[in-house]
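A short worksheet on the structure shown next.
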Amino acid sequence: LLSVDVGNPAHAVSPILPGLMFEDINHSGEGGIYAELVQNRSMMADDTAPLHWSAVGGTTLSLDTGTPLNAALDRSLKVVLPSGTGAGNRAGVANDGFWGIPVRPRTTYTARLFAKVSRRIGPLTVAIESADGATVHASAQVPHIGTAFRDRPFELTLRTGPGAPVTGDARLTVTTADPAAAGETLWLQHVSLFPPTHRNRPNGLRIDLMEKLVALKPKFLRFPGGNFLEGNTIATRFDWKTTIGPVWERPGHMDDAWGYWSTDGLGLLEYLQWAEDLHAQPVLAVYAGYSLHGAHVTGDALKPYIQDALDEIEYVTGPVTSEWGARRAADGHPRPFPLEFVEIGNEDWFDASGSYDERFAAFHDAIKAKYPQLKLIATTTVRSRTPDLIDEHYYLAPSAAQASTHKYDNRDRSSTKVFVGEWAAQEGRPTPDLNAALGDAAWLAGLIRNSDQVLMECYAPLFSHVKNNVWATNLIAYDNLDSYVSPSYWAQQMLTSRLGRTVLPATARALPGLATVATRSGDRLYLAVVNSGTEKLNVPVELRGLVKGVRSRATATVLTGASRTATNTLTAPDTLVPRTSTVTGAAPAFTSVVPPLSVTVLELRLT
Ligand code: AHR
């Protein structure tokens, strides 16, 4: 029997559920949601070779540290043009993008680049073309290139025609066929190509991925990590001050936690605007003096990092009259961003030195002194201070996730509130299968039931490029053209979009193998049932405490599949999607038929 007390809510559903967690892992930023199409646009990814760049027309390529663009981009791509250049012989370079440059018909792309030559030459052509160079899909020209880099990049618009293919297998070329260029040298830096972006933001985000996130209606975005925040070493941490300003003045850094170069084009301001575009609040994780290979900073040496965090908070929230608020305004966003939560570090239980207590106290005292209204999140237990929340991470087998639906049921209600800042049932690659989604749904039902304790939650990781799946199980995956969502995405979307404002007491434990959560808003009752078993179940439901009755007609939204390993893929993205239908027979006591291997949310109307 599933007995629900409709009249006596246990507590409010936390108003800051659900959220999203993002870090650049699995090419989720570079080559992912950050819409830049050129890989290694800044030539900074490697010190010896111009990775992802190749010769066109017999040129010789090298990295030239003697020809920097500026202090941040301290080199350029040197292209020695052959003596035969001209008269139909083009010469230059090609970039292979992130596993190809994607092309669609009738699409407008924006290219930006810095270029200079040893002798003034005529047109430089920027083209999106087939990988073999045989077909040009779109092109545009810079009429003349001079002998010095300009202050700003050349900007070109490339538009594909109606006959352009849909392909992920193109390349970007920068070439000249001017005979005056024969034997000369061309230098290139910051060669960038953007497709249309979400809300048309320059330096913006990929539309299909943003739409999938918007649909989840997240209340917050936790960023920038995760291990990406910490880096393997202090030098490769997320050093926010190097991630703002013109993108061609950002040095970038090695994302050594996950094995590729980050241009930091997706920098602090872009993260904040991303949260703004989601109508979500940022949850800002600040570097707290610990990096993954064990370096930890304490005592006076920690002071610069604390100052960095204070400056970062000022950049986010300060008025334009403050130093860092003025920088934000200069970067294009005069209005301060809302900020309620700041997380001090990430997974500091890995710090074997035990220095977190001291580090947390130092950040806590400095931040609370200047920003007493901010809520501070600790990443592991601390004794020195009382954090406002503690971030707990759970990566579980599906069966363990399902069993953990009761984890917080008997928690001491007076202890520090919880932010489950990373969690996932892990099975399936690059995205979870149905079995994992059932574990996720059972676990999330438990978090919602206990959202007087677990105020915030976000699944992780969010994204994986199918060609760079370093972390097995992720919510959403894509290649350079298409994307799809996992059954777990749908399970979460079902539980968090069909959700009342109060949690109702329900005798969930009386039903082994089932996880449930019941919530209510006014006359609407939401009953979520997760059946991880392979048998169809007839679940007797009893609604107690009704003032009147319940309408017979209800809606049922069901996610299910043929087997535990059933899943969605790039080529079969809609194998598992929730289906909503009208059902009849709801009453103060009725039987709900729950399919095997399913998540069901019943929406009932009280009379
Ligand atoms: O989500 C992947 C990684 O898992 C995160 O970077 C880290 O915080 C955790 O260990």
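Every number in this text was worked out from the coordinates using simple rules, so none of it is lab data. Note that the structure is a prediction, hence the values are computed from the model and not measured. All Cβ positions, even for glycine, are placed from backbone atoms using ideal geometry, and neighbour counts span all protein chains on display.
Mind jotting down the distance between the C-alpha centroids of the stretch 154-203 and the stretch 436-471, whole Å? Result: 39 Å between the Cα centres.
Can you tell me the dipole magnitude for the stretch 43-98 around its Cα centre, using point charges on the Cβ only (Lys, Arg +1; Asp, Glu -1), in Debye to the nearest 20?
On the way: 3 positive and 5 negative charges, 50 e Å.
So the dipole magnitude of the stretch 43-98 works out to roughly 240 debye.
If you take the Cα centroid of the stretch 565-607 and the Cα centroid of the stretch 205-284, the two points sit 35 Å apart. When +1 charges are put on Lys and Arg Cβ atoms and -1 charges on Asp and Glu Cβ atoms, the dipole computed for the stretch 502-607 relative to its Cα centre reaches about 280 debye.
Rank the residues Ser322, Ser414, Ser464, Ser291 as a footprinting-exposure proxy: fewest other Cβ atoms within 10 Å of their Cβ go first. Can you show the working numbers first?
Numbers: Ser322 16, Ser414 5, Ser464 25, Ser291 22.
Taking fewest neighbouring Cβ atoms as first place, the list is Ser414, Ser322, Ser291, Ser464.
If a/c stays under 1.5 just call it rounded; otherwise compare a/b with b/c (prolate if a/b is bigger, oblate if not). Do that for the stretch 53-196, with a ≥ b ≥ c from the square roots of the Cα gyration tensor eigenvalues. Display every interim value, and only then the final one.
Values: a/c = 1.75, a/b = 1.40, b/c = 1.24.
Verdict is prolate for the stretch 53-196.
Helix 487-497 and the longest principal axis of the Cα set of the chain meet at an angle near 60°. Dipole of the chain computed with +1 at Lys/Arg Cβ and -1 at Asp/Glu Cβ about the Cα centre; of Leu597, Gly345, Thr160, farthest Cα towards the positive end is Leu597. Between the residues Ile33, Gly226, Leu186, the greatest Cα displacement towards the positive end of the dipole of the chain, with unit charges on the Cβ of Lys, Arg, Asp and Glu, is found for Ile33.
If the only charges are +1 at each Lys and Arg Cβ and -1 at each Asp and Glu Cβ, what is the size of the charge dipole of the chain around the Cα centre, to the nearest 20 debye?
The calculated dipole for the chain is roughly 1920 debye.
Taking Cα atoms only, the orientation of helix 303-317 departs from the longest principal axis of the chain by about 80 degrees.
Sort the stretch 241-307 into rounded, prolate or oblate with this rule: let a ≥ b ≥ c be the square roots of the eigenvalues of the Cα gyration tensor; rounded if a/c is under 1.5, and if a/c is not under 1.5, prolate when a/b is larger than b/c, oblate otherwise. Prolate shape, in that a/c is at least 1.5 and a/b is the bigger ratio. Pairs of Cα atoms nearer than 8 Å and 6+ residues apart set the relative contact order; for the stretch 58-138 it is 19 percent.
Counting other beta carbons within 10 Å of each residue's own, what order do His393, His11 fall into, fewest first? Display every interim value, and only then the final one.
Working: His393 18, His11 15.
Placing the least packed residue first, the sequence is His11, His393.
Within the same chain, lysines fewer than 8 places from Lys217 are excluded, and of the rest, those with a Cα less than 23 Å from its Cα are Lys375, Lys417.
Taking other C-beta atoms within 10 angstrom as a stand-in for reagent exposure, Trp53, Trp423 fall in the order Trp423, Trp53, fewest first. Between the helical axis of 434-449 and the longest alpha-carbon principal axis of the chain there is an angle of about 60 degrees.
Look at the dipole of the chain built from charges on Cβ: of Ser54, Val503, Pro18, the Cα furthest out on the positive end belongs to Val503. Pairs of Cα atoms in the chain fall into 20 Å distance bins, from 0 up to the last occupied one, in shares of 19, 46, 28, 6, 0 percent.
So for the chain: antiparallel DSSP bridges make up what percent, rounded to the nearest 5? Walk me through the numbers on the way to the answer.
Details: 96 of 131 bridges.
Percentage antiparallel, nearest 5: 75.
With contributions of -39500 (n - 2.57) from each DSSP H run of at least four residues, the per-residue ellipticity at 222 nm computed over the chain stands at -4500 deg cm²/dmol.
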